Amino acid sequence: MTVEYEFRKPPRTDALVAATRSRADTWVYDIDRAYPPEQPVPSEAIVGSWEVDRLGNLTGRFARNDRYRPVERCTRLLKPYVHAAAKSNRDQWIVEIDERGESSFPDIPPHLVRGWWYVDADGRVSDQFRPNSLWQDDVDAVAVADR
């Protein structure tokens, strides 16, 4: 896989600046949303990565993540397991899997993960959906997005 770099004016968010100070002479991820510390960040949430020089400054060199998928406003009828999982996963993202992957739970093949739904503080599935870049069916065919 060949990584192509581009030069951009780096964003000056507090989180990104703080991350660069502790990661000199490396790369830092640009993640489009906050995730709880105990929850892994899916690659679809990583916009790309910024190069950090030896002094902890962003150089402007940026590597775009081809698997990045922005969150969409989406509504569709969900299986009961999604709502049940939401009740115990407040303020987190939960996975929705294709019915073909249900029998392999919890070891779901990555291409059978439809995407992730955000669960609000009350334990309800919100309308925020992040599609999986490896999903093999047409997500738009099963989701109605408010764009």
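Read the figures in this text as sums done on the coordinates, not as results from a lab. Treat the numbers as computed from the prediction; the structure is a model and nothing was measured. All Cβ positions, glycine included, derive from the backbone under ideal geometry; neighbour counts span all protein chains shown.
Close amide H pairs (under 5 Å, H built 1.01 Å from N) link GLY48 with ASP30, ASN65, residues at least 5 positions away or on another chain. Near GLY123, the amide H atoms lying under 5 Å from its own belong to ASP91; only residues 5 or more places off or on other chains count, and H is placed 1.01 Å from N. Couplings 3J(HN,Hα) for the range 30-43, derived from phi with the Karplus relation 6.51 cos²θ - 1.76 cosθ + 1.60 (θ = phi - 60°), are 9, 9, 7, 8, 7, 10, x, x, 7, 9, x, 8, x, 4 Hz, where x marks Gly and Pro. Each of ASP25 and GLU6 was given a label point 7 Å from its Cα along the Cα-to-Cβ line. The distance between the two points is 3.0 nm.
Amide H to amide H distances under 5 Å link CYS74 with GLN128, PHE129, ASP146, where only residues 5 or more positions off or on other chains count and H is placed in the peptide plane. Distance from the alpha carbon centroid of the range 67-92 to that of the range 106-123 works out to 6 angstrom. Highest mean packing comes first when the peptides 21-31, 3-13 are listed by Cβ atoms within 10 Å, giving 21-31, 3-13.
Per residue, the Cα convex hull of the chain amounts to 145 Å³. Sequence-ordered 3J(HN,Hα) estimates for the range 56-69 from the Karplus curve with 6.51, -1.76 and 1.60 and θ = phi - 60° stand at x, 9, 5, 8, x, 7, 10, 10, 6, 9, 5, 8, 4, 9 Hz, glycine and proline given as x. Here the Karplus relation 6.51 cos²θ - 1.76 cosθ + 1.60, evaluated at θ = phi - 60°, turns the backbone of the range 95-108 into coupling constants of 8, 10, 10, 5, 4, 5, x, 4, 6, 9, 4, x, 8, 7 Hz, with x for every Gly and Pro.
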